[in-house]
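J.: Below is one structure. I have some questions about it.
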Amino acid sequence: MTTRIFGSGIRRREDPRLITGQAAYTDDIKLAGMVHAAILRSPHAHARITSINTDAAKASAGVLAVYTGADIEGVLNPIPCAWAIPDSDLKAVAYPAIASGVVRYVGDAVAVVVAENRYQAEDALELIDVGYEPLPSIINPEAALADGAPQLHEDAPNNQAFHWVAAGGDTDAAFADAAITVSETINQQKLIPTPMETRSAIASWSSAMGELTLWNTTQNPHIARFVTCLVTGVAEHKIRVIAPEVGGGFGAKIAVYPWEMITAFCSMQLGVPVKWTETRTENYVATTHGRDHVEYVEMAADANGKVTAVRSVVYAGMGAYLSTAAPGIPTILHGLMYSGPYDIANIKADVYGVFTNSTPVEAYRGAGRPEATFLLERLMDKVGDAVGIDSVEVRRRNLIEPFDNNRDVAIGITYDSGNYSGALDQLLGHIGYDQFRHDQEHEREHGTFRGVGVACYCEICGLGPSQVAGAVGFGGGLWESATVRIYATGKVNVFIGTSPHGQGEETTFAQIVADEIGVDVDDVEVVHGDTDTTPMGWGTYGSRTTVVGGAAVALTMRKLRDKARVIAAHLLEADEADIEYEDGQFFVRGARDRAQSIQDVALQANVAWNLPEGIEPGMEASTYYDPPNFSYPFGAHAAIVSVDPDNGHITLDRYVAVDDCGPQINPMVVEGQVHGGVVQGAGQALWEGAVYDDNGQLLTGTMMDYAIPRAHLVPDIEVHSTVTPSPHNPLGVKGIGETGTIASTAAIYSAVMDALKPIGVTSLDMPLTPERIWRAIREAGYTGNGHGHSHDHDHGHGHNH
Amino acid sequence: MFAADFEYRKAGSIAEAVQLLSDNPGAKILAGGHSLIPLMRFRLARPEVVIDIGGIANMKGISVSGDTINIGALTTHAEIASSADVQRANGLLAEAAGGIGDPAVRNRGTIGGNLAHADPASDWATVLTALGATVSAQGPAGSRTIAVADLIEDAFATVLGENELITTVSVPALAANQRAEYAKMAHPASFYAVVGGAVVVTMDGDRCTAASVAVGGLTPRPVKAPAVEQALSGTTLTMDSIADATARLGDDLSAAGVDIIGDVFASADFRSNIAPVEVKHALLHAIGLAHH
C-alpha cells in the first residue's frame, strides 16, 4: 500500500491562483453592455423619509435610472428571514430591499442609481435630495428592550424580535442549593467581519429566456437562488446563481442581502447586466456584523468546584432587521452549547433577540459558540477563584469523561465522541504549565505581569440532520450532495453542493476521492459554486462542508467502487465475490496479475462495449447525505500574555492550540484553519469592536479605526491535535473551520485576567485596549514599583522594543 | 470610494510644479498619494487639479554632506529605512521610517508628503522635531528653510504658502556621544502614533549634557518639551532621574497651550498620561537601561 493521500499535508491547489492575483472574483467579471449600480444609504440611524427628489440625479451624465423604495413596491418582495425559531414569538418584520417611509440604521438603502460607469453613479448619488425627519435611535440591545426605548418596528413591541428559552434539569433548585455561585456581565461586542473581498453582485436578466443569472459573492449559492426566487418572483429553475472566487466569508456571505436583490431588480428593469460592488466603507455598514450580546451569566458549584448549574439572560442584538440566519445564532448555536465540554446537570439559556438601529447581525466565524465558550470559561475561572483552586484544576474537575459513541448533555443534545481531558493534558504539556506558574510567581515579585489562560471547548458543527433543522425552524435542509463522474480517460470531476471560499476543499475533497478510489489526486477536479452545474447543497458555514459534503463525496466514491468491482469482475471473467480492491486496482483474489485498474474500468464503463448485464453505461454516481447527528469537535487552547502596567499594552507571547476534528484529511489545511480562527478570536479579545455614538453613527467605520489583527502582533501559533473520530461520520471527521475563534477569545481574555490578578482587576470589557487595561489597573489602586518598564514590550512599531 | 472628477497634471521639474500651483489655485500635490488619494476617494477632498510630482528626479534620494543628511522630499519611508547612509549617520531616522504604517505604506509614502500633510499622528513630525531637522521649501519667490518644529501650525496645517512645496528634508547626523530613540503607542488599525515620544540625548558618560524631546500623536502638532529637557540636562540618567524628568511633560503640554486629542481608541486623558511613559521608554532604550 502506498502512502495514503488522506492525511497528507499536500499544498492547496487553490493557492497559486489566489496568491498571484489570478483568481476571478465577482468584481473581476465584465459582461458586454454591463452598467453599474451605486446605492444611496441612510446617514441616519433612524429617520422618517419625508421626501425624495431624484430629478437632478436622473439628469446627471451617464445615468440610466434611479429607483427608490416606491419603485420596488409590489415588484421586489421583502427579504425573508430563513430561521424562524419555534416557540419564540418571532416577529418576522418587513425587511424591504429599499427602505420606504422609515430608515432604521446607517446604511439602510434609500435609492439606487444605475449609470454607465460607477463614477457617474456616485456623482448622481450626491444629487439625490432626501428629506429626513430624524427619530430617536437605540444601539444597545438591552436598552432597546427597556420601556420607553425608541421603537423600530410597529409589529415588534419593545423591539423584541424573539424570546427563546432552553433548559435542562432544575436550574433554580441547583442555584438555591449551591455552595458557591458566581456571576458575570459580559459584553460580546459587535464585530465587523471584514472579509478581504467586499460584497459584490452582477445580475443579468434575459427577457427572451425569462432567466436571471446572478453572480454573487456568497457562501451558499443554492440558498441564494432559493431566496432570490422568493424575492424577485422568478421561478427557481429560471435562476442561475454563480459564486465565483469568493474572498472570505466568515458568515457574512451567508445572508441574501437587499443589495443583490436591488441589482437583480435593476437588471430586470433595464434589460442589461448590472454590477454592484461594495466599497470598503460601505462594507462596514452594509455587510452583516457578528456577536453583539449583553449577557448576564451565572454558575453554581459545590464547595469542591464541581459545577452544578449554569444560566444566562442574553440580550442579543439583531440589528435593524432579521438577516437570513440571524435568529438561530444566539439560540440554537449558542444556548444549546452551554454544557461545553463539561458535565453540568442543570442548564438554562434565556435569550432575547432585540432589534437595534444598527447593521443587521449574522453568523460570524463560530457564530454563537464563541459566545457560549467565553461565558463558560469566564465563569469557570470565577468558580476556581471562589473555591481557591487553579483554573486548570477547576476545569479538570468538570470535564466530561472520555466517550466514543454518544453522550447526552442536560440541555438535550447528544455529543458524538470526545476526550476532553486528553486534549487538556496534551496542551498543558506543550505549554509547560507548571513551570509557567512557577516562573510567573517570581516575575510578579519584579513587577512583571504575565498570565496564562486556558480554554476548553466543545462545539456543535457539521450542521446537521435535516429533521433537526426543520424542528428548530431552519427554513431548509442541511444535507449535502455530491456527483462524481469518472471519464473515459480516468480523470475525475467532483460536483458538490457546498461552496468553499478559502477553506481548501478543492484540495481536500480531491484527497478524499483519490483515497477512496486510488486515482492520482491531480486527476481529480472539484467543481463548485454554480447552481447550473452543481447538485443541490446548503452551503459552506458551521464547519459543515467537509463533515457533510465530504461525507457525500466519500459515499459516492464507495458507490462507484462497487460499480467498478462489478465491471472489473466481468472483464476479468471472475466472480464478483472473488474480486479484491486495493489502491485503484481490482484483482482476482490470489492472482494479482489478473487486475483491472480503475482507469481501465472507467474506460470500459464509458464506452460500454462490454458491460455486464444490467449495468448502465457511464461511471457516475451521486449521493444525498443527511447526517444522523451533528459533529462535536473539541479541544483546549492556551494563551500566554504580558501586560505592561505603565501603558496598558498587552503582548501576546505564546499561543498553543490542541484541537480534535477527528481524522485530518490534510494537516496543513487544518493548521491554516486553526491559525485563521485563532487570529480572528484574538481580534475580538484585543482589538476589534464596532463602536457607535449616541446617534447610531458607526465611529469605527474604516480600516483606519477598526483594528483587524496584523501578523506582527500575533506570535507563531503552535498547533497540535488529538484524533477522536466521530462515530457517525463516514470519514470520522468533525470540522475545523471555527475551532480557533471559539477558543481563542476566551483563552486570551483569561490570560489577561490572570496577569492582572495580583493587581486586583476582576472584570474588563473587550476589546482589551490599552486604555481599558490602564484604567482598570489604576482603579484597582496599583501604583507600580516605579520601574514597570523592565520587561519586553512591543506596542506596535516604530521602536524595536 | 470613488473620487470626484479632477484634472491630472504631471510636473517635470520643481519649477514646473510651482508654476502649476500658481496657475491652479486649490490644486493638490500628489507625491506618494497615501494621504491625498484616500481623501479624494472619500470625496473629503475634491481638488479640481492634481499635480503629480512623482517624476521629478531631483526630489528623490539621500545624500550625506558633512554632518547633514539631505533627503529628497519624494524619498519613500522604505528607502530611508533601508539606507545604509542613514543607518550610519542617524539610526533613529531609519528606525522611525521602518515603523511607519506597513510595508505597502512605506513603499509608496514619502517623507515630504508626510510632513506637508501634517497629520497629528505622523511619526516624522515628532521625530524630526526632536532631531532639529529642517525642510527646504520652494515657492515662486525662491527657496527658504523652515525648521520642522516651526513647519506645522496645527492639525493638517503648515506654514507653507499656497504655491510652495517641500523639496528637501535636512537632518543633522548624530554625534558619537548622542543617543536618539522614538517610542510610540501605535494605533492597532493604522499604526499611526496614538502617542509618540522622540528623544535625543548628548551624553558624557552617564551624564546627560543636553537633551531634545518632542511628543506627538496626542497633540495637533509636535510639541517640544523644554521642562523635560532641562530636567535631563546635567543629570546622571538613571531610572529614577528619567522618571522624574518625564513627569514634567505635563508642564510642557500645558505651556504649549495645545488641545489634547482623544478618540474612541484612546481618550485625551489617557494620552496625556501615556505621553510621559512613551518618553520614558524612549530614554531608557536610548541609554540602554531597558531590557530587550
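J.: What number of residues in segment B:112-136 are open to solvent by 10 Å² or more (accessible area, probe 1.4 Å), away from chain A (no Cβ under 14 Å) and not in a helix (DSSP H, G or I)?
T.: Residues flagged as open to solvent by 10 Å² or more (accessible area, probe 1.4 Å), away from chain A (no Cβ under 14 Å) and not in a helix (DSSP H, G or I) within segment B:112-136 amount to 3.
J.: Quick check: anything in segment B:252-264 polar (S, T, N, Q) and in contact (Cβ under 8 Å) with a residue 60 or more places away in the chain?
T.: The answer is no, given that none of the residues of segment B:252-264 is polar (S, T, N, Q) and in contact (Cβ under 8 Å) with a residue 60 or more places away in the chain.
J.: Among the residues of segment A:347-387, how many are outside any helix (DSSP H, G or I) and surrounded by fewer than 24 Cβ atoms within 10 Å (Cβ to Cβ)?
T.: Residues flagged as outside any helix (DSSP H, G or I) and surrounded by fewer than 24 Cβ atoms within 10 Å (Cβ to Cβ) within segment A:347-387 amount to 1.
J.: Hey, could you check segment A:620-669 for residues that are closer than 18 Å to A:GLY542 by Cβ and acidic (Asp, Glu) and say which is farthest from the other protein chains (Cβ to nearest Cβ)?
T.: A:ASP626
J.: Please name all residue pairs, on different chains or six or more residues apart, with Cβ atoms under 9 Å, provided the first residue is in segment B:3-21 and is among the β-branched types (Val, Ile, Thr) and the second residue is in a loop (DSSP other than H, G, I, E, B) and surrounded by fewer than 15 Cβ atoms within 10 Å (Cβ to Cβ).
T.: That search, which allows pairs on different chains as well, returns B:VAL18/B:PRO140.
J.: Please work out which one of (1) assigned to a strand (DSSP E or B); (2) under 13 Å from the mean Cα position of the chain (by Cα) is the condition B:ALA149 fails and give its number.
T.: Every listed condition holds for B:ALA149 apart from (1).
J.: For segment B:95-111, which positions are small (Gly, Ala, Ser), in a loop (DSSP other than H, G, I, E, B) and facing chain A (nearest Cβ under 10 Å)?
T.: B:GLY99, B:GLY101
J.: In the list B:SER143, B:SER190, which residue meets the criterion of being more than 30 Å from B:THR238 (Cα to Cα), out of contact with any His (no Cβ under 6 Å at 6 or more places or on another chain) and within 14 Å of chain A (Cβ to nearest Cβ)?
T.: The match here is B:SER190.
J.: A further question follows. Residues in segment A:18-76 that are over 18 Å from A:ALA264 (Cβ atoms), touching a Phe, Trp or Tyr at 6+ places or on another chain (Cβ under 8 Å) and not in a loop (DSSP other than H, G, I, E, B): how many?
T.: Counting residues in segment A:18-76 that are over 18 Å from A:ALA264 (Cβ atoms), touching a Phe, Trp or Tyr at 6+ places or on another chain (Cβ under 8 Å) and not in a loop (DSSP other than H, G, I, E, B) gives 4.
Let's see how each residue does on (1) within 11 Å of chain A (Cβ to nearest Cβ); (2) open to solvent by less than 10 Å² (accessible area, probe 1.4 Å):
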position: B:ASP240; (1), (2): yes, no
position: B:ASP244; (1), (2): yes, no
position: B:ASP251; (1), (2): no, no
position: B:ASP269; (1), (2): yes, no
position: B:SER272; (1), (2): no, no
position: B:ALA275; (1), (2): yes, yes
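J.: Return the residue satisfying two criteria in turn: it lies in segment A:601-637 and is assigned to a loop (DSSP other than H, G, I, E, B) and under 35 Å from the mean Cα position of the chain (by Cα), and of such residues it is nearest to A:GLY462 (Cα to Cα).
T.: Top of the filtered list is A:PHE630.
J.: Now a separate question. Can B:LEU92 be described as buried (at least 22 other Cβ atoms within 10 Å of the Cβ) and within 14 Å of chain A (Cβ to nearest Cβ)?
T.: Judged against the criteria, B:LEU92 is a match.
J.: Given B:VAL194, B:VAL201, which one is assigned to a strand (DSSP E or B), in contact with a Phe, Trp or Tyr (Cβ under 7 Å, 6 or more places away or on another chain), outside the structural domain of B:ILE100 (by TED's automatic domain parsing) and touching a residue at least 60 places away in the same chain (Cβ under 8 Å)?
T.: The unique qualifying residue is B:VAL194.
J.: For segment B:44-60, indicate whether the set of residues that are in a helix (DSSP H, G or I), buried (at least 22 other Cβ atoms within 10 Å of the Cβ) and free of Cβ contacts under 8 Å to residues at least 60 places away in the same chain is non-empty.
T.: No, every residue in segment B:44-60 fails to be in a helix (DSSP H, G or I), buried (at least 22 other Cβ atoms within 10 Å of the Cβ) and free of Cβ contacts under 8 Å to residues at least 60 places away in the same chain.
J.: Answer yes or no: is there a residue in segment B:207-221 that is polar (S, T, N, Q), in contact (Cβ under 8 Å) with a residue 40 or more places away in the chain, assigned to a strand (DSSP E or B) and more than 30 Å from A:THR702 (Cα to Cα).
T.: Yes, there is a match, as at least one residue in segment B:207-221 is polar (S, T, N, Q), in contact (Cβ under 8 Å) with a residue 40 or more places away in the chain, assigned to a strand (DSSP E or B) and more than 30 Å from A:THR702 (Cα to Cα).
J.: While we're looking at this one, here's another question. Here are A:ALA57, A:ALA94, A:ALA47: which of them is small (Gly, Ala, Ser), at pLDDT 95 or above and over 26 Å from A:ALA326 (Cα atoms)?
T.: A:ALA57
J.: A further question on this structure: Just name the residue that is most open to solvent (accessible area, probe 1.4 Å) out of those in segment A:707-743 that are among the hydrophobic types (A, V, I, L, M, F, W, C) and within 14 Å of chain B (Cβ to nearest Cβ).
T.: That would be A:ALA711.
The values are calculated or read from the model by the stated rules, or taken from the named source; none is laboratory data. As the structure is a computational prediction, the values presented were derived from the model and not from experiment. Heads up, the Cβs are rebuilt from the backbone with ideal geometry, glycines too, and the neighbour counts pull from every protein chain shown. Areas reflect the complete protein model, heavy atoms only, side chains present, ligands, DNA and RNA absent. Shrake-Rupley method; radii C 1.70, N 1.55, O 1.52, S 1.80 Å.
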